[in-house]
């Protein structure tokens, strides 16, 4: 997970653990109800918004499509760009990425795949995200108040927490590839097979 370094980021990261709690949920739009709801609201606004971009027009899709007390009485518009100092605080000011690793929420369930070259990787990937096992991965992440991510050997070995994270390996080849990382001195999270994960997921 990457984000630019800004004055606001430095203020938040320095305050984290004192009077601010900052957590990054990998795949949060698929396993965290609050993040998922925010994405759904944004999609609804993008689909049904018309006219000038301002508070009243942005809330109109909610008022028209969500006939509930919450959407009518508790939704409001806050313009982050209304004041110059806010824009300055959120604009990147250093040519470097912020270090988000200390703030990533664990446990993370990684799913490993594509161990064989294939001309149909996109089709296979699309089949995975609509599959029962993908639902089980999402359920596991949500139920444990953590995150989920497709495993990347070059990135994720720096962020995982072997004592609490999990990796789903779809084939024996996947398991063998993961075990090779131990030769480089990495401690692996627990590895689980899809069928085993399915047994522990109730949805």
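Read-outs: derived from the displayed coordinates by stated rules, not from any lab. All of these numbers come straight from a predicted model, not from anything done at the bench. Note: ideal-geometry Cβ built from the backbone for every residue, glycine included; neighbour counts use all protein chains shown.
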Exercise for the section: Mind pulling the angle between the C-alpha long axis of helix 132-143 and the longest principal axis of the chain? Nearest 10 degrees, somewhere in 0 to 90. Expected result: 60 degrees
Problem - Per-q log10 I(q)/I(0), region 7-90, q = 0.13 Å⁻¹ (Debye; single scatterer per alpha-carbon; no solvent) - result: -0.62
Fill in the blank from the handout: Whole-number value, in Å³ per residue, for the convex hull of the alpha carbons of the chain is 195 Å³
Handout entry: Using alpha-carbon coordinates, inclination of helix 33-48 to the longest axis of the chain, degrees
Key = 60 degrees
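Just rank 148, 22, fewest to most, by other beta-carbon atoms within 10 angstrom. Write down the numbers at each step before the final one.
On the way: 148 26, 22 14.
The order, fewest Cβ neighbours first, is 22, 148.
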Completion exercise
If each part is reduced to its alpha-carbon centroid, region 175-203 and region 1-29 end up apart, in Å, by 29 Å
Practice task
May I ask you to derive the relative contact order of region 106-200, considering only C-alpha pairs under 8 Å and at least 6 residues apart, and to give it as an integer percent?
Solution key: 40 percent
Practice task
May I ask you to give the average projected area over all directions of the convex hull of the Cα atoms of region 106-200, in nm² rounded to one decimal?
Solution key: 6.1 nm²
Exercise for the section: Please give the per residue volume of the convex hull enclosing the alpha carbon atoms of region 155-194, rounded to a whole number of Å³. Expected result: 65 Å³
Problem - Potential extension, residue 66-residue 16 segment - 0.36 nm per residue separation minus Cα distance - result: 14.5 nm
Handout entry: Percent of beta bridges antiparallel (DSSP, the chain, rounded to nearest 5)
Key = 5 percent
Problem - Two-site FRET efficiency, residue 34 against residue 181, from Cβ-Cβ distance with R₀ of 25 Å, rounded to 0.05 - result: 0.15
